[in-house]
């Protein structure tokens, strides 16, 4: 059993003893603590009435159980709930703003396997909590400093469906070109890993004018047919189906539909790092501006941005950090190299729906095949590794020594240590839960990226 408490939410495996897994009592405690925090935030903003919180969930097996406990706890805390039930993470984020709510709770463990679930916490802007706000919620939970409402002050529950609202907002974007998509008469495959993407993505594709859709794993029953993280090794089925069916492209989403992987018409991988690159290329071709992604994302985004006359910013890992960098630098597009596209004209959150709409618009107007579009972007290869250290080792001290060793190179230490060389980079990040340093390297060839990783690992061993 596992329970992980972080600023972005509470994640754990279902069952077990309280405090060791995501049990009903843990769900009550952290939901109540979030309510206390949200009430304090609302009062600080002059809101003295009842709180309204939006809830939504992915389709994993434990979702209905967690939903009932969360909604019951919220109403027990005197909070009015707008429950949109089965909904994508970005849909919940948008619903918080549309409802003028004081926050939102998303019940999803994202790409984690079926035994996991989580409470993802949103502020009144429909965005994930900052570090300080997340720490405040955890502190309240640890102190058990909350009390429940008396009978006359219990909250209410209203059921709503925001799926069509989300689709309509995507369709209304000036850069969503339905006519161009319809004219190409695309055939598209979709793997929704039997979660909420199976409800939303087929409807979106039809609304976008896609001529034919081949659905794989689109029954929202939470029975994930493969590891739900959209990585190449998990996408063999849709790769084969896309090629065999003569589809123009394939789309794969994770259980809560904030990440997007793309399959080329020949069954090869477009590359999850290049989802954001392609969408950014399309956006920047129509409006000059800046971009941002996290430190572990491909340099290809920087290359495309500079080519289009914009400025690129690298943020610390984590969606909340990328969003903060986008706001500070007025980025018109940004996200993460895991297939997470953030388009602020719609909202500040990773969103596979807007990613699909903008990518298909780009593909349609380019006149190219999917693989040909991929071929126009800079070629980089990434190597992801980690080194396990002995307990008690001074990890920060090791990172400081590595930083000094490469002081003549461009260094970014906002999140671990990233060393930018002329043709490649390496990023070292320590784990917050174990004596581990994760090492991400990118270069012009897979062999060179692996070689760079091995060199840094050797440097680390020499400092221990």
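Brief remarks on what is shown
- Residues satisfying the stated conditions in the stretch 295-316, i.e. free of Cβ contacts under 8 Å to residues at least 60 places away in the same chain and assigned to a strand (DSSP E or B): 312, 313
- The lone criterion from (1) surrounded by 15 or more Cβ atoms within 10 Å (Cβ to Cβ); (2) touching a residue at least 24 places away in the same chain (Cβ under 8 Å) left unmet by residue 246 is number (1).
- Residue within the stretch 49-70 that is at pLDDT below 95 and assigned to a strand (DSSP E or B) present: no
- Residue match in the stretch 323-336 (condition: surrounded by fewer than 22 Cβ atoms within 10 Å (Cβ to Cβ), in contact with a helix residue (DSSP H, G or I) (Cβ under 8 Å, 6 or more places away or on another chain) and either in a loop (DSSP other than H, G, I, E, B) or outside the structural domain of residue 265 (by TED's automatic domain parsing) (or both)): no
- Taking the conditions (1) free of Cβ contacts under 8 Å to residues at least 60 places away in the same chain; (2) on the phi > 0 side of the Ramachandran plot; (3) touching a helix residue (DSSP H, G or I) at 6+ places or on another chain (Cβ under 9 Å) in turn, residue 46 satisfies each one other than (3).
- A single entry from 199, 190 fulfils the requirement of being touching a residue at least 24 places away in the same chain (Cβ under 8 Å) and either part of a helix (DSSP H, G or I) or exposed (fewer than 15 other Cβ atoms within 10 Å of the Cβ) (or both): 199.
- Positions within the stretch 219-228 being buried (at least 20 other Cβ atoms within 10 Å of the Cβ) and either in contact with a strand residue (DSSP E or B) (Cβ under 9 Å, 6 or more places away or on another chain) or modelled with pLDDT under 95 (or both), in sequence order: 220, 228
- Residues that are part of a loop (DSSP other than H, G, I, E, B) and over 23 Å from residue 340 (Cα atoms), drawn from the stretch 71-105: 77, 78, 79, 99, 100, 101, 102
- Helices (runs of 4 or more DSSP H) (entirely within the stretch 350-424) containing at least 2 residues that are modelled with pLDDT under 95 and either surrounded by 15 or more Cβ atoms within 10 Å (Cβ to Cβ) or outside the structural domain of residue 176 (by TED's automatic domain parsing) (or both): 395-405
- Check on residue 41, part of a helix (DSSP H, G or I), touching a residue at least 40 places away in the same chain (Cβ under 8 Å) and either over 22 Å from residue 144 (Cα atoms) or assigned by TED's automatic domain parsing to the domain that holds residue 101 (or both): yes
The values are calculated or read from the model by the stated rules, or taken from the named source; none is laboratory data. Keep in mind that what you see is a predicted model, and the values were worked out from it rather than measured. Positions of Cβ are generated from backbone atoms using ideal geometry, with glycine treated the same way; all protein chains shown enter the neighbour counts.
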